[in-house]
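Taking it in order: structure first as structure tokens, then the write-up.
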Amino acid sequence: MKQEVLFLLLNDYADWEGAFLSASLNAGVMPGSEIKYIAKTLAPTLDAVHSLGGFRTLPDYSFQTMPADYAALILIGGMQWQSPEAAQVVPLVQDALQRGKIVGAICNAASFMCAHGFLNDVKHTGNTLPQLKLWGSEQYTNEAGYQEKQAVSDKNIVTANGTGYLEFSRELLLLLQADTPDRIEASYDFHKNGMVRYIASI
């Protein structure tokens, strides 16, 4: 039975930041790959959420109906991570981490994680160290753990900046063991460097 990976969306979410990951989970990392996971959407309510690109998404789950059993909680970035709705996400992340679930956060969602102390015991990245310090204020006590990388995976937490969606996908696919490391790396290289380079190498 496929395990569910929950993609948490708030209004004004960044369409592109979860696209490669969700497609790799739903359709397989590479053609012919075993499909172990299914992507599901999660939002504060079952009302439609709107993306920055204008897409209207009907969530599979609300915060009240989300399942207890899932493989990972993925916080997709956007423009509402300092909103009242975002405050409702705090106990969801706390519960996920306490139960050993994988948590991914990209762009402003990584800043949200910082603001609530979730990055204080892990190596991490985000939309620059100054932004993490601004959002985190006195709650952020792990400046030494910041790494200037597109994405960072440590323990069960993966963080990325807003342009690191491919690296974010790769690190989460590796952590989820969605396929072999070689196939995950090949998929990353294909999407990062393009079809021309990929065809030339075979």
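Each value in this text was obtained by applying a stated rule to the coordinates, not by laboratory testing. As the structure is a computational prediction, the values presented were derived from the model and not from experiment. Because the Cβ atoms are built from the backbone with ideal geometry, glycine has one as well, and the counts that use them run over all protein chains shown.
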TODO: Take the residues in region 51-109 that are more than 18 Å from Gln139 (Cα to Cα) and of a type in the set (Phe, Trp, Tyr), then tell me which one is nearest to the chain's Cα centre (by Cα).
DONE: Tyr70
Open item on the list: Testing Phe168 on (1) part of a helix (DSSP H, G or I); (2) in contact with a helix residue (DSSP H, G or I) (Cβ under 9 Å, 6 or more places away or on another chain); (3) more than 23 Å from Asn26 (Cα to Cα); (4) in contact (Cβ under 8 Å) with a residue 40 or more places away in the chain, one condition comes back false. Which one is that?
Closed with: (3)
Task: Wholly enclosed helices (runs of 4 or more DSSP H) of region 49-129 bearing at least 1 residues surrounded by fewer than 17 Cβ atoms within 10 Å (Cβ to Cβ) and of a type in the set (Val, Ile, Thr) - done: 90-98
TODO: Answer yes or no as to whether Thr159 is of a type in the set (Ser, Thr, Tyr), part of a loop (DSSP other than H, G, I, E, B) and closer than 30 Å to Gly28 by Cβ.
DONE: no
Task: Considering residues of region 17-48 that are in contact (Cβ under 8 Å) with a residue 60 or more places away in the chain and surrounded by fewer than 17 Cβ atoms within 10 Å (Cβ to Cβ) only, the residue farthest from Pro181 (Cα to Cα) - done: Ala19
